[in-house]
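Step one of this worksheet: look at the structure below.
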Amino acid sequence: MTHSPIRDGLRLLKQPDFAKLFSAYLISYAGNAMAPIAMAFGVLALTGSTRDAAFVIAAPTAAQVLVLLFGGVIADRTSRQRTIVVADTLAVISQLIIAGLFLSGQASVPALTVFMLVNGIAMALHLPASTGMIPQIVAPADLQAANALLGTARSAAITLGAALAGILVAWLGAGWAIAIDALSFAIAALLIASLRPKSQALTDQATLIQDLILGWREFTRHQWLWTIVLQFSLVIAAFEGVLGLLGPAVARDTLGGPVAWGLIAASFGFGTLAGGIIALKITIARPMLVASLSVLTFSFIPLALAVPLPVNLICFAASITGIGGQLFGVLWHTTLQQRIPGHLLSRVSAYDHLGSIILAPMGIILAGVLYETLGPRTTLLLSAATIILPTLAVLFVREVRELKTQPPISTD
């Protein structure tokens, strides 16, 4: 019997739990797309310096680096669903306080840094739990379609949220955009709490250290996995510096301000939406090869900003980056969920997230310093090189080039 990947994927939306999960992604990421833009312009307006702003913007990622491994263990040992609800509730509280600081005129770099750290802790609990919970919601044969649809929800939300953020920040200021983000986390938490996932295969009640060791052994057992995570430690350090700080700074200085950057960020979101649709339509024989080649598109935004090109051409570059990023994400998460045992998935996912972002705080801070010392063009070209070179290097790893798609397990 012939199946249409799009029809099979959309069929998932008729399942109540998946529809709620899809809605949670759509709502929370729409609000979440506003927060980075609001924070970047809010802190730049507060300090006037990319060097000072970098510490606030880097704070949540620094917190993730410290907490992610424990988040993975907690999710595997307890309940991924409850972990997500707790994490989203913590994010609501921290975002509301940050919004209140901006709206009351009481915002300061130390206070914002503290509550951005709290926000990072919430994300460190949320990420490994959410990766591990998807196989509890859908059948193994539906994982690629589910990841593509959830990525599409995230992409549509980013497109809408980013465009709205640029307008809100320009008209109302950073505080209101962050307040809306807090509301989105609250709605998402309620939706996740209402799910009825399959029972979770809990780990044996070993010690925390033993749990971490088991996760590390599984993580290092797969060469394709740890080499790409090593690559991403550099890629994400550069890319986060561009999206979180350099892009808003260039927009402030030469492109007209937050509305222009909102359009660029929305174009990135539109590209990820297109990438999700493409991921629903295609079957990839060598997923890690295609995923790694897709990462080369991450260099398009810093290269376009380095010129800088007109805003419409930067938007085009951002949309191509979005397509590449979404293809990578769908292929990566599907391969991870298919090849890592379910009871270890959140822990391995935590090592994945940790390794990918471990250099990001340093990358953001370094971007802020270099912007003021070397200038925007040199800093952006260095960022592009930091994306391109490790991506080319990982293609020399045989397992990355030759790993084949694992056939889905039939549920008939």
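The table below lists the values:
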quantity	calculated
Residues located in the stretch 326-371, provided they are more than 24 Å from D76 (Cβ to Cβ), more than 17 Å from the chain's Cα centre (by Cα) and not aromatic (F, W, Y)	M362, I365, L366, A367, G368, V369, L370
Members of the stretch 143-165 that are in contact with a Ser or Thr (Cβ under 7 Å, 6 or more places away or on another chain) and under 19 Å from W261 (Cβ atoms)	S155, I158
Spans of helices (runs of 4 or more DSSP H) in the stretch 309-406 with at least 2 residues modelled with pLDDT under 90 and among the aliphatic types (A, V, I, L, M)	311-339, 345-357, 360-373
Within the stretch 135-177, tally of residues that are closer than 22 Å to L195 by Cα and in a helix (DSSP H, G or I)	19
Sole residue being in contact (Cβ under 8 Å) with a residue 12 or more places away in the chain, surrounded by 23 or more Cβ atoms within 10 Å (Cβ to Cβ) and in contact with a Pro (Cβ under 8 Å, 6 or more places away or on another chain), chosen from I301, I314	I314
Boolean, V43 is out of contact with any strand residue (DSSP E or B) (no Cβ under 7 Å at 6 or more places or on another chain), closer than 22 Å to A265 by Cα and either at pLDDT 90 or above or not in a loop (DSSP other than H, G, I, E, B) (or both)	yes
Scan of the stretch 264-287 for residues that are of a type in the set (V, I, T) and within 18 Å of A317 (Cα to Cα), ordered by number	I264, T272, I278
Unique match (being over 19 Å from the mean Cα position of the chain (by Cα), at negative phi, of a type outside the set (D, E, K, R) and exposed (fewer than 15 other Cβ atoms within 10 Å of the Cβ)) among L195, L172	L172
Some residue of the stretch 80-87 being surrounded by fewer than 24 Cβ atoms within 10 Å (Cβ to Cβ), without any contact (Cβ under 8 Å) to a residue 12 or more places away in the chain and more than 25 Å from L143 (Cα to Cα)	no
Neighbours by Cβ (under 9 Å, 6+ apart or cross-chain): first from the stretch 236-260, under 24 Å from T61 (Cβ atoms) and in contact (Cβ under 8 Å) with a residue 12 or more places away in the chain; second buried (at least 24 other Cβ atoms within 10 Å of the Cβ) and among the basic types (K, R)	none
Residues of the stretch 29-77 that turn out to be over 23 Å from A249 (Cα atoms), surrounded by 24 or more Cβ atoms within 10 Å (Cβ to Cβ) and more than 19 Å from the chain's Cα centre (by Cα), as a count	2
Residue within the stretch 78-93 that is small (G, A, S), at pLDDT 90 or above, touching a helix residue (DSSP H, G or I) at 6+ places or on another chain (Cβ under 8 Å) and in a helix (DSSP H, G or I) present	yes
Pairs, first surrounded by 13 or more Cβ atoms within 10 Å (Cβ to Cβ) and among the aromatic types (F, W, Y) in the stretch 200-220, second modelled with pLDDT of 70 or more and in a helix (DSSP H, G or I), C-beta under 7 Å, six or more apart	W216/Y351; F219/L225; F219/W226; F219/V348; F219/Y351
Residues satisfying the stated conditions in the stretch 102-112, i.e. surrounded by 20 or more Cβ atoms within 10 Å (Cβ to Cβ) and part of a helix (DSSP H, G or I)	F102, L112
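Let's see how each residue does on (1) touching a residue at least 60 places away in the same chain (Cβ under 8 Å); (2) closer than 30 Å to M133 by Cα; (3) of a type in the set (S, T, N, Q):
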{"site": "I37", "(1), (2), (3)": "yes, yes, no"}
{"site": "L46", "(1), (2), (3)": "yes, no, no"}
{"site": "A54", "(1), (2), (3)": "yes, no, no"}
{"site": "T61", "(1), (2), (3)": "yes, yes, yes"}
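For every residue, the table says whether it meets (1) closer than 28 Å to F396 by Cα; (2) β-branched (V, I, T); (3) modelled with pLDDT of 90 or more.
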residue	(1), (2), (3)
T207	no, yes, no
Q210	no, no, no
A237	yes, no, yes
L245	no, no, no
A265	no, no, no
F270	no, no, no
G276	yes, no, no
A285	yes, no, no
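The values are calculated or read from the model by the stated rules, or taken from the named source; none is laboratory data. Here the structure is a predicted model, which is why all the values come from computation and not from measurement. Every residue, glycine among them, receives a Cβ derived from its backbone with ideal geometry; neighbour counts consider all protein chains shown.
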